[in-house]
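Read-outs: derived from the displayed coordinates by stated rules, not from any lab. Everything numeric in this text was worked out from a predicted model, so none of it was measured. Note that each Cβ is placed from the backbone with ideal geometry, even for glycine, and that neighbours are counted across all protein chains shown.
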Amino acid sequence: MVDCENQVRLSAYHDGELLPAERSIVEAHLRDCPSCAAELAAIRRTSGAFAATSPREPSHEQLLQLAQSVRAEASDARMLLRLFRGTAVAAGVLLACALAAGVYLSQRTRAAAHEAMVLDHVATGSQPPTFATDALSDARQSEQQVRLARWIADDLRGRQEER
Amino acid sequence: MDEEELLEQARRGDNAARTELVMRHGRRLFGLAAALLDGADADVSDIVQETFLAAFDGGLKAFKGNASLATWLSGVLINRVRKLRRYRHSRPAAPLDAFERPVSVASGASSCPATEVQQRMDVAAMLDCLPPEYREVIILREWHGMSYAEMGSALGVPERTAETRLTRARRMLRQRFAGYD
């Protein structure tokens with residue numbers, strides 16, 4: 001069935017949204033246009049399906065619960081809760097930053113101590129200690145420093161053996 | 001009491017006014033949220049609660065009295081549902097090719113659904129196949145009996161846009177449920 005250009009006003013006709021003059025024009029057209037008549041019948045069937053049902057409704061208890069939840073004191077409590085949550089989040093962020101800074105400074109200190117110890121062993125010609133690879137030595141800077149110290153120690157030891 | 005006055009009292013913290021407004025509009029808003037979300041009661045209750053709180057806590061200035069309070073509250077609720085939908089990305093618009101062929105429910109429906117349960121299932125299937133913006137107009141028109149002007153106000157679009165969406169929504173339903181009787 002070919003769609004008719006007048007179909008665009010059929011919803012408005014069905015819903016009573018047209019002016020009387022427009023209604024008359026649509027009604028006259030419907031008498032001569034099977035396509036629009038079929039479309040209008042389909043609209044009526046769909047509307048009928050909705051009219052035969054109704055949206056889900058809350059129980060009386062749900063409605064009372066809803067009324068309770070929007071009381072003024074409940075609003076104040078919610079505002080306080082939101083404020084508390086905001087403060088807790090800010091405190092958490094600050095704590096995380098402080099921990100990160102502490103870990104970073106600790107790594108720097110340990111790396112400097114390791115370097116000094118290795119250089120000391122190199123200077124005295126003794127075997128440098130093996131470094132424990134604990135969690136803190138995962139930091140890139142610390143690892144680079146340890147590798148450099150080992151390379152220096154191995155190189156010096158090799159030269160001594162060549163002599 | 002005039003609803004605008006009631007809303008003003010509710011905004012000032014008058015719990016009796018708040019309860020009165022919930023009793024007047026809560027049932028309808030709950031039904032609207034349930035139809036739009038098709039979700040669990042918890043989601044629906046949360047959305048309705050947020051809608052009332054938005055109206056009570058600071059939304060009064062936004063209510064200029066151009067629309068009825070019912071229409072305005074519907075609009076607030078629809079915006080909240082849209083935000084929730086965007087947040088979840090859980091209900092993408094159905095692809096257009098989904099509307100090309102009639103589906104099985106149409107043939108089942110054509111055998112004249114006798115029970116209300118069957119009718120309810122058919123209507124749920126109809127709503128389910130519509131993209132959100134078309135679902136909104138169908139619900140507002142068919143279940144809430146809103147005029148095109150009221151739909152436009154609730155949806156935040158021109159009246160003509162509301163009409164166009166409704167026409168398209170009905171066309172989609174006709175194509176998908178061709179045999180519905």
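If I stretch the segment between A:Ala112 and A:Arg157 completely, what's the gain in nm (0.36 nm per residue apart, minus their alpha carbon distance), one decimal? Intermediate values should be presented prior to the final figure.
On the way: separation 45, 0.36 × 45 = 16.20 nm, distance 2.21 nm.
Between A:Ala112 and A:Arg157, full extension yields 14.0 nm more.
Going by C-beta contacts inside 10 Å, put B:Leu77, B:Leu6 in order with the fewest on the left.
Details: B:Leu77 25, B:Leu6 18.
With the sparsest Cβ surroundings first, the list reads B:Leu6, B:Leu77.
What FRET efficiency would be calculated for the residue pair A:Leu119, A:Leu95, taking the C-beta separation as r and a Förster radius of 41 Å, to the nearest 0.05? Calculated value: 0.65.
Modelled label positions at A:Ala37 and B:Thr161, each set 7 Å beyond Cα in the direction of Cβ, lie 3.7 nm from each other.
If you take the beta carbon distance between B:Arg120 and B:Asn15 as r and set R0 to 41 Å, what does 1/(1 + (r/R0)^6) give as a FRET efficiency, to the nearest 0.05? Provide the component values of the computation, followed by the final result.
On the way: r = 36 Å, r/R0 = 0.87.
That gives a FRET efficiency of 0.70.
From the Cα gyration tensor of the stretch A:1-68, with a ≥ b ≥ c the square roots of its eigenvalues, which class applies: rounded if a/c is under 1.5, or else prolate if a/b is larger than b/c, or else oblate? Taking the square roots of the gyration eigenvalues as a ≥ b ≥ c, the stretch A:1-68 is prolate.
If I take R0 = 41 Å and measure r between the Cβ atoms of A:Arg23 and B:Tyr87 in this structure, what FRET efficiency does the formula 1/(1 + (r/R0)^6) give, to the nearest 0.05?
Numbers: r = 44 Å, r/R0 = 1.07.
Calculated transfer efficiency: 0.40.
Classify the stretch B:1-91: rounded, prolate or oblate, from the alpha-carbon gyration tensor (a ≥ b ≥ c, eigenvalue square roots; a/c under 1.5 rounded; otherwise prolate if a/b is larger than b/c)? The partial results should precede the final answer.
Numbers: a/c = 2.12, a/b = 1.80, b/c = 1.18.
Prolate, because a/c is 1.5 or more and a/b exceeds b/c.
As a proxy for reagent exposure, A:Cys36, A:Cys4 were ordered by neighbouring Cβ count within 10 angstrom, fewest first; the result is A:Cys4, A:Cys36.
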